[in-house]
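The values are calculated or read from the model by the stated rules, or taken from the named source; none is laboratory data. This structure is a prediction, so every number in the text was calculated from the model and none was measured. Virtual Cβ from ideal backbone geometry, glycine too; neighbours counted across all protein chains shown.
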Ligand code: NAD
Ligand code: ZN
């Protein structure tokens with residue numbers, strides 16, 4: 001299943017630096033293809049705060065997406081069908097996502113479903129789309145997931161409940177604009193949880209079995225940048241914001257050119273079960289996986305203390321109906337990252353009995 005060689009894809013255009021979103025309009029004009037409309041996906045914060053409002057116009061082609069829950073196949077299919085109805089069998093000339101991981105993943109998923117004329121559940125898995133998606137631009141307004149860099153659009157399958165990506169080069173953004181000014185309004189707890197998502201992408205790649213020189217390089221660079229940010233006096237300085245956007249991007253490339261480890265599969269299982277957002281679910285998972293990632297655990301929870309950020313425990317959301325065996329099977333369905341972390345014989349090592357012990361730590 002693992003290939004000896006793994007590649008990654010890059011956007012044609014990567015703009016960075018505070019103020020760089022002033023170039024969005026000119027990028028739209030130069031990248032759009034055909035007479036179709038430009039479709040905007042906006043995070044509700046972006047819409048309410050009128051961020052970049054001189055560029056998007058409130059109207060039928062501007063969608064303020066639902067970030068109340070992580071993207072599902074049902075929601076993606078609904079957006080696809082609304083856009084198809086509006087475009088009357090033609091296609092948008094371009095899509096722009098302005099927001100966080102949810103907004104960006106929705107744009108990625110919708111873009112390939114539109115061109116491949118398929119329901120999103122059919123696109124989940126590895127390299128299912130056969131046609132390029134709609135040309136698209138990402139403008140992240142919260143940083144850490146690496147959705148702006150990765151070839152994955154993470155969706156919860158409405159039928160099976162399983163969280164699984166559309167993993168395809170065709171989901172990748174053609175242009176990414178990393179404007180550090182846009183993340184200045186992110187509350188510190190969210191800022192921290194999401195930055196730690198990037199840190200975990202880097203660490204899990206570096207502690208995996210299936211490494212390569214490119215993924216190592218991206219991951220080591222991201223890890224170092226993030227350690228410098230959170231060891232510094234003021235992680236929220238303008239220059240640290242710029243560095244965080246770079247680290248998020250590099251860690252996204254690292255995970256795209258390798259695999260994550262144990263934190264993400266466990267995070268996906270508890271995230272779906274308890275409806276906990278991805279970046280926070282990672283930290284709950286990391287607590288349980290302390291013996292697997294001891295240094296990372298201590299470092300991250302040390303930074304949380306320093307920033308006065310509280311990470312709730314699983315006990316606070318746990319309920320009597322929770323079926324540990326269901327959580328275990330949800331976790332190990334993500335076999336590639338589990339195998340990356342533990343090797344080919346992971347089944348003998350990572351038993352349900354061991355899983356129950358780690359749940360107690362969370
Ligand atoms: P998100 O998109 O929901 O954003 C989090 C919150 O921040 C939202 O409430 C949003 O309104 C708010 N927000 C956004 N910008 C803001 C700003 N500038 N100021 C204040 N608030 C702002 O969450 P996220 O953590 O960015 O993304 C999570 C999603 O990303 C999940 O669905 C997860 O599965 C996915 N993900 C994808 C990848 C990938 O490679 N594609 C990797 C990791 C996670
Ligand atoms: Zn992640």
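Considering 177, 166, 135, the condition of being more than 8 Å from ligand 1 (Cβ to nearest atom), surrounded by 24 or more Cβ atoms within 10 Å (Cβ to Cβ), touching a residue at least 60 places away in the same chain (Cβ under 8 Å) and assigned by TED's automatic domain parsing to the domain that holds residue 80 is satisfied by 177 alone. Here the condition is being closer than 30 Å to residue 216 by Cα and either surrounded by fewer than 20 Cβ atoms within 10 Å (Cβ to Cβ) or outside the structural domain of residue 334 (by TED's automatic domain parsing) (or both); of 16, 81, it holds for 16 alone. If you check 232, 258, 237 for being away from ligand 1 (no atom under 11 Å from the Cβ) and at pLDDT below 95, only one passes: 258. Restricting region 139-154 to residues that are more than 6 Å from ligand 1 (Cβ to nearest atom) and not in a strand (DSSP E or B), the residue that is farthest from residue 215 (Cα to Cα) is 143. The residue pairs whose first member lies in region 190-205 and is over 20 Å from residue 258 (Cβ atoms), whose second member is within 11 Å of ligand 1 (Cβ to nearest atom) and in a helix (DSSP H, G or I), and whose beta carbons are closer than 6 Å, counting only pairs six or more residues apart or on different chains, are 193/279; 193/280; 194/279. Meeting the requirement of 3 or more residues that are within 20 Å of residue 293 (Cβ to Cβ), the helices (runs of 4 or more DSSP H) wholly within region 308-354 are 324-332, 335-342. Only residues that are in contact with a helix residue (DSSP H, G or I) (Cβ under 7 Å, 6 or more places away or on another chain) and either more than 14 Å from ligand 1 (Cβ to nearest atom) or farther than 22 Å from residue 310 by Cα (or both) were counted across region 267-291, and they come to 7. Per the listing 92, 71, the residue uniquely crowded, with 24+ Cβ neighbours inside 10 Å, modelled with pLDDT of 95 or more, away from ligand 1 (no atom under 16 Å from the Cβ) and not assigned by TED's automatic domain parsing to the domain that holds residue 238 is 92.
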